[in-house]
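Remarks on the structure that follows.
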Number of protein chains: 2
Amino acid sequence: MANIAPRSLEPLHQQVSAIIPTHWYNLHADLPEPVPPHLHPGTQQPVQAQDLAAIFPPHLIEQELNTTDRYIEIPQTVREIYSNWRPAPLIRAGNLERELKTKAHIYLKYEGVSPTGSHKPNSAVAQAYFNSLDGFHTLTTETGAGQWGASLSMACALLGMTAEVWQVRASYESKPYRQMQMRTYGGICHSSPSDKTAAGRAILEQDPDTPGSLGMAISEAVEAAATQEGVNYALGSVLNHVLLHQTVIGQEAMLQLEKAGEANADTIFACAGGGSNLAGLTFPFIGKNLREGTNTRIVACEPAACPSMTRGDYTYDHGDIAGLTPLLKMYSLGKDFVPDPIHAGGLRYHGMAPMVSHAYHQGLLEARAYPQEQTFADGLVVARTEGIIPAPESTHAVAGALDYIRSGEARDGEVIVIGLSGNGVLDLPAYGTALGNDGQ
Amino acid sequence: MANIAPRSLEPLHQQVSAIIPTHWYNLHADLPEPVPPHLHPGTQQPVQAQDLAAIFPPHLIEQELNTTDRYIEIPQTVREIYSNWRPAPLIRAGNLERELKTKAHIYLKYEGVSPTGSHKPNSAVAQAYFNSLDGFHTLTTETGAGQWGASLSMACALLGMTAEVWQVRASYESKPYRQMQMRTYGGICHSSPSDKTAAGRAILEQDPDTPGSLGMAISEAVEAAATQEGVNYALGSVLNHVLLHQTVIGQEAMLQLEKAGEANADTIFACAGGGSNLAGLTFPFIGKNLREGTNTRIVACEPAACPSMTRGDYTYDHGDIAGLTPLLKMYSLGKDFVPDPIHAGGLRYHGMAPMVSHAYHQGLLEARAYPQEQTFADGLVVARTEGIIPAPESTHAVAGALDYIRSGEARDGEVIVIGLSGNGVLDLPAYGTALGNDGQ
């Protein structure tokens, strides 16, 4: 196979559709109360830029700690890469409306058209870009089902870098397609726990047969980044700068609704795992509510098996199992909580992003939890009316919206937006299980 | 699972983007010489409408035999369904240009954003629509790797019908994801040869262990349609009406190039199996060449393992192994030709669509053949520069374009369009094989 040289970062003289936002939106600037800061795990004091410098580049640290600028410019190179799949479609789901016999207007904001099939590349590309700009050649990360690992591998390939991914062992063994996708992009993928890190070796020594966990994989990826020159770490959700990058979703949806002749979104349903898709779609609308007094209602839809907002405590907790990460103020089921092995791997995280947790605590959004059987049944309704097979994560947003409509809560002409964070093509076995043996 | 009621066909009051074509384009109307007609397999006389009525609905027969109307209107319901993924992106491949150090302008016309990941739904939706309009409730078809079967299953679900699919046994057993996709859309999928048809039983009696073939599966699906009330047959390529439906691709590309400030496409590379993607992308440009004297060069890229145009004879041949279909004048390797089991399943067909064959015979397009090793290596270059993993079929178009550019044939500013007929997400194991054990 041809070895592909690193790409230069000079801007392309290429037309970028005007509808792709020029800036990311920073909700901090509009919040009436500030988000409680991350704390240093040793000193328990608010983290400073230098505390993060071992694993993040200066530009991303600046974004992580930026609580004042409402808009942060998207570099032209990032927008050009976005333009390979953005603007992501906003689809008027007319067939679904007829199926539900509703006079509400249902729109699907669909991130499944990205090359890796989810919203994850929106942040992966931005993180790879800034790391590349600041001279780093490799990014380490953890991944569960593999959507984030594949997206970061793609982003690194496009920006002349390499991704090194620790994938939770259970998924590494049961989901070979995502690994192949990472390798196709030139990424390196290890089963976690691995013998590549001290953290991994310690876990293996204690429990050689462990299926692994996201918390373990984070510990390995952070260690690998902190101990090597030119190597940084990248996280796919939870942190402020990740949520920031995802706000292209909601800004686009706002413009697209306007083009479709709708004044505003009345109610938005979004799935909630670590919080990045939810924040990306809804923060621009929450900001508008705060600035302009609009009244878009936001419903976070989480799995009943991992209900961090609806059942968790709002407290300072670690992001990983080893306690290496800063303490984050978040709704959490506790860093040692191990959720049932549900199919929506992307929602199996014990905590919720601090910014989302804060918004929830302040009453700026609601949260509901749905069991997996219901979410797949409703995902199937979308598949058979609109053609799109939603990712297992996305079916939670679908379940939220369909429950709302079926209960009669939606009024005629109400504008409902469902966030479809990705497609379920690589999750078809989960649909097969949900369909059962009769096949229908 | 909820049983989903058939959808009504009343038009939605929904905005359909103006860039989605309003009509399909019929190349017949612009050809200087007429395409040799299909012949009845018994009488050897040109087929008449009534000869096709056992398996096709009146509207599609009219389209199949229409050699005079340049434009055929796309029904609003079909355009509304198209709008769930169309206009499909035309992507300026700036990273790829830099990688190749070329000053040509490379564009990717990318059909992989459709719900089933390829161009196939463009015709599946149209065929399901007209069958539904004419009162049929079930469509039978054959499928190899499964792209067409999944697309027809989706289209039937959206139009309140059922798809019954015979999938070549070797693929049925080795590619479970596509079957699960069909079932998710409510489709029924049989391994072919099956005990459901006389044709299948006869083959099984002779050779119980046969891996099956597309020719066998066609015989089964045609028999099932011809012998049941309310049931018709649908083909995914080769026939005139299928090619017609795909012309949305090329018409969109023409508009998108104009919006990108390009006067016209200079050279187009498209993969060629049965011919539907090639025709869909290029016929509008060939028509423009004929009408307006423009000079867009068309290069059909076929697999070296199944080179119907570059190595076949231009002759009347059957479309299936049992000889049930009309005789079609086409470049063919013979109906009994069994190609090597290459990964590009969609290109493993012994013949080439009569309209494409005629255009080739008339010198309106060129053809080249590429070996699989080369096409995957070049597909990988696209994956690592633009993020899109091309379907194995599409990598042939990529190989054609990259060969052309590397050989120095492309001039500065030349506008090159590569047809990416689909994404390779469900073909990742083929990339895995191409990458080899070193993983890079």
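The values are calculated or read from the model by the stated rules, or taken from the named source; none is laboratory data. Every value quoted in this text rests on a predicted model; they were computed, and no experiment measured them. Note that each Cβ is placed from the backbone with ideal geometry, even for glycine, and that neighbours are counted across all protein chains shown. These area figures cover heavy atoms from the full protein model, side chains too; ligands, DNA and RNA do not enter into them. Shrake-Rupley method; radii C 1.70, N 1.55, O 1.52, S 1.80 Å.
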Just to be sure, is B:Val47 modelled with pLDDT of 95 or more, among the β-branched types (Val, Ile, Thr) and open to solvent by 20 Å² or more (accessible area, probe 1.4 Å)? no
All-but-one check, B:Asn84 against (1) polar (S, T, N, Q); (2) touching an Asp or Glu at 6+ places or on another chain (Cβ under 7 Å); (3) buried (at least 22 other Cβ atoms within 10 Å of the Cβ); (4) more than 10 Å from chain A (Cβ to nearest Cβ), failing number (4)
Assess whether A:Tyr314 counts as being within 25 Å of A:Asp51 (Cβ to Cβ), at pLDDT 95 or above and in contact with a His (Cβ under 8 Å, 6 or more places away or on another chain). yes
Sole miss for B:Thr140 among (1) modelled with pLDDT under 95; (2) under 21 Å from B:Leu243 (Cβ atoms) is condition (1)
Subset of the range A:258-283 that is more than 14 Å from every other protein chain (Cβ to nearest Cβ) and over 16 Å from the mean Cα position of the chain (by Cα) - its residue that is surrounded by the fewest Cβ atoms within 10 Å (Cβ to Cβ): A:Ala263
Quick check on the range B:350-371. Is at least one of its residues in a helix (DSSP H, G or I), within 14 Å of chain A (Cβ to nearest Cβ) and surrounded by fewer than 24 Cβ atoms within 10 Å (Cβ to Cβ)? no
Scan the range B:379-397 for residues that are buried (at least 23 other Cβ atoms within 10 Å of the Cβ) and in a helix (DSSP H, G or I) and jot them down. B:Gly379, B:Leu380, B:Val382, B:Ala383, B:Arg384, B:Glu386, B:Ser394, B:Thr395, B:His396, B:Ala397
Return the pairs, sorted by first residue and then second, in which the second residue is of a type in the set (D, E, K, R) and open to solvent by 40 Å² or more (accessible area, probe 1.4 Å), the first residue lies in the range A:287-299 and is over 17 Å from A:Trp24 (Cα atoms), the beta carbons are less than 7 Å apart, and the residues are 6+ apart or on different chains. A:Thr296/A:Asp266; A:Arg297/A:Asp266; A:Ile298/A:Glu366; A:Val299/A:Glu366; A:Val299/A:Arg368
Tell me, yes or no, whether the range B:210-227 has at least one residue that is within 14 Å of chain A (Cβ to nearest Cβ) and surrounded by 24 or more Cβ atoms within 10 Å (Cβ to Cβ). no
Can you pull out the residues in the range B:311-347 that are more than 19 Å from the chain's Cα centre (by Cα) and not in a loop (DSSP other than H, G, I, E, B)? B:Arg311, B:Asp313, B:Tyr314, B:Thr315, B:Tyr316, B:Asp317, B:Leu327
Could you tell me whether any residue of the range B:67-74 is away from chain A (no Cβ under 12 Å), among the hydrophobic types (A, V, I, L, M, F, W, C), over 24 Å from A:Gly117 (Cα atoms) and open to solvent by 20 Å² or more (accessible area, probe 1.4 Å)? yes
Scan A:Gly408, A:Gly419, A:Gly413, A:Gly400 and give me the residue that is more than 13 Å from every other protein chain (Cβ to nearest Cβ) and either more than 22 Å from A:Glu262 (Cβ to Cβ) or in a loop (DSSP other than H, G, I, E, B) (or both). A:Gly408
Determine if the range A:422-438 includes at least one residue that is under 21 Å from B:Ser83 (Cβ atoms), more than 7 Å from every other protein chain (Cβ to nearest Cβ) and aliphatic (A, V, I, L, M). no
Applying the selection to the range B:320-349, what residues are open to solvent by 40 Å² or more (accessible area, probe 1.4 Å), in contact with a helix residue (DSSP H, G or I) (Cβ under 7 Å, 6 or more places away or on another chain) and of a type in the set (A, V, I, L, M, F, W, C)? B:Ile321, B:Ala322, B:Leu324, B:Leu333
Unique residue being over 10 Å from the mean Cα position of the chain (by Cα), under 18 Å from A:Val78 (Cβ atoms) and open to solvent by 10 Å² or more (accessible area, probe 1.4 Å) when the list is A:Asn295, A:Asn240: A:Asn240
What is the residue count in the range B:64-123 for residues that are assigned to a helix (DSSP H, G or I) and under 20 Å from A:Gly94 (Cα atoms)? 9
If we ask which residues in the range B:114-124 are within 9 Å of another protein chain (Cβ to nearest Cβ), in contact (Cβ under 8 Å) with a residue 60 or more places away in the chain and either open to solvent by 10 Å² or more (accessible area, probe 1.4 Å) or of a type outside the set (S, T, N, Q) (or both), their number turns out to be 1
B:Ile388: passes all of (1) under 23 Å from B:His105 (Cβ atoms); (2) within 9 Å of chain A (Cβ to nearest Cβ); (3) touching a residue at least 40 places away in the same chain (Cβ under 8 Å); (4) over 22 Å from the mean Cα position of the chain (by Cα) but (4)
Out of the residues in the range A:243-257 that are at pLDDT 95 or above and open to solvent by 20 Å² or more (accessible area, probe 1.4 Å), state the one that is farthest from A:Asp134 (Cα to Cα). A:Met254
Please work out which residue is nearest to the other protein chains (Cβ to nearest Cβ), limiting yourself to the range A:167-176 and to residues that are free of Cβ contacts under 8 Å to residues at least 60 places away in the same chain and part of a helix (DSSP H, G or I). A:Pro176
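One line per residue, one yes/no per condition, for (1) part of a helix (DSSP H, G or I); (2) acidic (Asp, Glu); (3) over 26 Å from A:Leu333 (Cα atoms):
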| residue | (1), (2), (3) |
| --- | --- |
| A:Val165 | no, no, no |
| A:Arg178 | yes, no, yes |
| A:Met182 | yes, no, yes |
| A:His190 | no, no, yes |
| A:Arg201 | yes, no, yes |
| A:Leu204 | yes, no, no |
| A:Met216 | yes, no, no |
| A:Ala221 | yes, no, no |
| A:Ala224 | yes, no, yes |
